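Take this structure, written in structure tokens, and hold onto it; I'll ask about it next.
The values are calculated or read from the model by the stated rules, or taken from the named source; none is laboratory data. Given the structure is predicted, the values throughout are model-derived calculations rather than measurements. Ligands, DNA and RNA are stripped out before the accessible areas are found, and what is left, the full protein with its side chains, is counted by its heavy atoms. Shrake-Rupley method; radii C 1.70, N 1.55, O 1.52, S 1.80 Å.
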Amino acid sequence: MIVNFHGMQCRYGTYRTQGIDKPILTLINSADWEKSLQYDFTEPQPGLWCHFLTDSEQSVYEFRN
């Protein structure tokens with residue numbers, strides 16, 4: 001699913017860490033990289049730039065697995 005997150009186009013997905021699938025957003029447009037830093041995007045593995053969604057963000061945007 002593609003969503004607009006604070007003006008950035010992102011793809012919704014999951015990232016498995018410590019045996020748990022966590023909801024994430026990944027950037028679609030690399031030009032948004034600098035803006036993404038304002039919203040706690042991180043690189044949990046080389047080449048994967050993502051934002052781990054908080055519980056409140058999940059409820060606001062109503063993401064579904």
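Over the chain, what relative contact order in percent results from Cα pairs under 8 Å that are six or more residues apart? Write out the running numbers ahead of the final one.
Details: 78 pairs, mean separation 16.1, N = 65.
Relative CO of the chain lands at 25 percent.
Next question, about the same structure. Quickly estimate the mean residue ellipticity at 222 nm for the chain, helices only: each DSSP H run with n ≥ 4 gives -39500 (n - 2.57), and the total goes over all residues, rounded to 500. Write down the numbers at each step before the final one.
Numbers: 2 runs with 11 residues, N = 65.
My calculation for the chain gives -3500 deg cm²/dmol from helical runs alone.
Also: Among Thr14, Thr54, Thr42, which one shows the biggest mean-square fluctuation in a GNM of the chain, springs joining Cα atoms closer than 10 Å?
Maximum among the listed residues: Thr54.
For the chain, just run the numbers: alpha carbon Rg, then divide by 2.2 N^0.38 Å, N being how many residues it has. Provide the component values of the computation, followed by the final result.
Working: Rg = 11.2 Å, N = 65, 2.2 N^0.38 = 10.7 Å.
Here the Cα radius of gyration is 1.04 times the empirical estimate.
Compute, for Val60, the solvent-accessible surface of its heavy atoms (probe 1.4 Å) with the complete set of protein chains present, and express it in square angstrom to the nearest 10.
Number for this one is 110 Å².
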